[in-house]
Amino acid sequence: MKSEIPAFLLSNDSRADFVRQPGRLRYPFVDRTLRKAGAVITAGYLQWETAAGNGMMQRTDARVKTLFLLFFVVLVGLTRPLSSQMFFSGYLLTLFALSGINFLPIILRTFIFAFIFGFLVAAPAMLNIFVDGEIVLNIATLSKSHQIWIYTIPQHIGITREGTFIAFGLFFKVFNSVTLSSLIIFTTPFTEIIRSLRIFRVPSALLMVITLTYKYIFVLSHSIGDMYRGMKSRLIRNLRSKESRKIIAGRIAFIFTKSWKRYEEVFNAMTARGYTGQLSVSGFRKFRIADLLGFLILAGIGLTLHFIEPLWKILSE
Amino acid sequence: MEDIIRIAQVSFQYTKQQPALVDIDFSVKKGEIFAILGSNGSGKSTLLNIIGGLTYPTTGQYFFQGNEVSADALKNKSFNAWFRENLGFIFQNPDSQLFCPTVMDELLFGPLQLGKSQAEATQRTDEVLEMLELTHLSARSSHTLSSGEKKRVAIGAILTMNPSVLIIDEPMAGLDPKSQSYITELLIRLNEAGKTIIISTHSLALADYLKPRIAVLSEEHRLVRTGLAEEILPDTDFLTGVNLIHAHLHRHGKELHKHIHPQFLFHRHDGE
């Protein structure tokens, strides 16, 4: 070292004793967003932990689960009776339970998602303004009906039985599809899900790109988490928005540079290991009878629930 | 010497299957050099993050100068300011820490936040730049620097705040031998100037140079021993047990053999 330690470092000018004063520290909005992005890592570890469990779905082959997912989503889309949809929900919750996963937080999130993107989107269809039908709940009565553009506003406005079935039907379709997707995600390592897509003849190069992208999300989340801690460790007071903007701009530039370097490193690593433009991805073991049986059982139960209403009628006659 | 840091029965887990620290209990005294030793994945960085108020214990308590440090406590503006100005954290990867447009801005950031005048902040920055031999790089952006230069900027960015405690995660990570000896000398001199220094490392050589009081973490994430460097470093059986030294294959002339060869045995004084 060339120079002596500066005089100010030889004195201790930080306050030794803490005197509490009111006032809360506020982190900038963008900063809070960055912190939440960093939480992706935790979510990833949780997924890895549940996927490594020893429940029924975890022990099922990834290809069987992927095929079941495709089959079931189509089945849910084609099923009209609400009773069947409700049985589907019960079936999926049973599969969650058999896999030893605490499904309540997952189901709650799925429920909110399905409510917004299923029920609320279709909610107007409950009114007889959009879908004709038998009114089960009268909301308003006008002096006469009106014609506005292509819509007829009837004299009696209310919620119809048919519209209610449409709204709830869409809610259950979204809920069941997302619940099954969650079940597959939480019981299958992500890499296995990607590899299983090969049964649908998805090109290896595309699978490699998806895998790299998934891994990069983790690398990026790590960087974001580190950056957040770095900033937090030096944040003494609330930052002015101008200061925040300056810092965030610097961080974005840094991440861009880092991403660019990472692309080059990954490409060089692939080249160093013999990559010349043609990808060979390791395959699965052979599909066994047990795997086929597993699929048939899972799909068979789903199919039975699809026909539950006509089956019930036949049995009760 | 009085305790400046107290870690009381602290445990931390990322998920149920991933404990990072189990029942850690120790104190750091004011003005000492304290090293947390452990193999990779033993929980050193997590423990430093807790001491730095960046992560919070799952169970147990952490006290800084008798005040409990917790997520809630750090939401208080005055406590956060007091804690951060007293305790400077230098990250293993300097890229995480450097977020200002230029080296000069990095060093100015801390003192300006502390409410120092522009003149005083600039004077501090100039002095630290000179001490760390970074003056010629002051207008450069930190991402264009070498690893050793970035590390020095990261240290400088904390030193301009003049904290009483310096926490350094793996001070030698990614540095060439010249930068390593530079950092070692700097740490010794800062400690002589009265700073409490806490480092995490798996480098026995660094522990031998600094002669700190040591806390050793096991691969099971537990604190297995605390003591002076002079007591712990010669205990090869213990160090082997915590995976800090191991038998390795090497040559003596033409002879190839394998035995425990602790790195710190290479430490020789001039003329020996």
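The values are calculated or read from the model by the stated rules, or taken from the named source; none is laboratory data. Owing to the predicted nature of the structure, the values given are computational and were not obtained by experimental measurement. Neighbour counts run over all protein chains shown; Cβ positions are idealised from the backbone, glycine included. When the accessible area is computed, the model is the full protein with side chains, heavy atoms only, and any ligands, DNA or RNA have been set aside. Shrake-Rupley method; radii C 1.70, N 1.55, O 1.52, S 1.80 Å.
Output the qualifying pairs, or none if there are none: Cβ atoms under 7 angstrom, residues six or more apart or on different chains, first residue in the range B:99-115 and open to solvent by 40 Å² or more (accessible area, probe 1.4 Å), second residue hydrophobic (A, V, I, L, M, F, W, C).
Close Cβ pairs satisfying both conditions: B:MET104/B:ALA139; B:LEU112/B:ALA121; B:LEU114/A:ILE236; B:LEU114/B:MET161.
Read through the list (1) touching a Gly at 6+ places or on another chain (Cβ under 8 Å); (2) of a type outside the set (Lys, Arg); (3) under 26 Å from A:HIS306 (Cβ atoms), then give the number of the only condition that A:SER89 fails.
(1)
Could we say that B:ILE232 is touching a strand residue (DSSP E or B) at 6+ places or on another chain (Cβ under 7 Å) and either within 13 Å of chain A (Cβ to nearest Cβ) or more than 26 Å from B:ILE50 (Cβ to Cβ) (or both) here?
For B:ILE232, the condition - touching a strand residue (DSSP E or B) at 6+ places or on another chain (Cβ under 7 Å) and either within 13 Å of chain A (Cβ to nearest Cβ) or more than 26 Å from B:ILE50 (Cβ to Cβ) (or both) - is not met.
Looking only at the range B:42-63, decide whether some residue is away from every other protein chain (no Cβ under 13 Å), touching a residue at least 60 places away in the same chain (Cβ under 8 Å), buried (at least 23 other Cβ atoms within 10 Å of the Cβ) and assigned to a helix (DSSP H, G or I).
Scanning the range B:42-63, I find at least one residue that is away from every other protein chain (no Cβ under 13 Å), touching a residue at least 60 places away in the same chain (Cβ under 8 Å), buried (at least 23 other Cβ atoms within 10 Å of the Cβ) and assigned to a helix (DSSP H, G or I), so the answer is yes.
May I ask you to say which residue of A:ALA167, A:ALA123, A:ALA114 is without any contact (Cβ under 8 Å) to a residue 60 or more places away in the chain and either under 24 Å from A:LEU305 (Cα atoms) or crowded, with 20+ Cβ neighbours inside 10 Å (or both)?
Result: A:ALA167 is the single residue among A:ALA167, A:ALA123, A:ALA114 that is without any contact (Cβ under 8 Å) to a residue 60 or more places away in the chain and either under 24 Å from A:LEU305 (Cα atoms) or crowded, with 20+ Cβ neighbours inside 10 Å (or both).
Which members of the range A:290-300 meet the condition of being within 18 Å of A:VAL76 (Cβ to Cβ) and either of a type in the set (S, T, N, Q) or in contact with a helix residue (DSSP H, G or I) (Cβ under 6 Å, 6 or more places away or on another chain) (or both)?
Correct list: A:PHE295, A:LEU298, A:ALA299.
Within the range B:193-200, is there a residue that is part of a strand (DSSP E or B) and without any contact (Cβ under 8 Å) to a residue 12 or more places away in the chain?
Looking for residues that are part of a strand (DSSP E or B) and without any contact (Cβ under 8 Å) to a residue 12 or more places away in the chain, one finds none in the range B:193-200, hence no.
Looking only at the range B:159-169, count every residue that is surrounded by fewer than 24 Cβ atoms within 10 Å (Cβ to Cβ) and part of a helix (DSSP H, G or I) and tell me the total.
0
If B:GLN180 satisfies all but one of (1) open to solvent by 30 Å² or more (accessible area, probe 1.4 Å); (2) part of a helix (DSSP H, G or I); (3) of a type outside the set (Lys, Arg); (4) within 12 Å of chain A (Cβ to nearest Cβ), what's the number of the condition it fails?
(4)
Considering each residue of the range B:1-36, count those that are within 28 Å of A:ASN12 (Cα to Cα), away from chain A (no Cβ under 12 Å) and in a strand (DSSP E or B), and give that number.
The number of residues fulfilling the criteria is 14.
What are the residues in the range B:80-139 that are touching a Pro at 6+ places or on another chain (Cβ under 7 Å) and more than 9 Å from chain A (Cβ to nearest Cβ), if any?
B:ALA121
In the range A:200-239, which residues are open to solvent by less than 50 Å² (accessible area, probe 1.4 Å), within 9 Å of chain B (Cβ to nearest Cβ) and part of a loop (DSSP other than H, G, I, E, B)?
Listed by number, the residues that qualify are A:ARG234, A:LEU235, A:ILE236, A:ASN238, A:LEU239.
Condition first: modelled with pLDDT of 90 or more, aromatic (Phe, Trp, Tyr) and more than 19 Å from A:THR164 (Cα to Cα). Now tell me which residues in the range A:95-112 satisfy that.
A:PHE96
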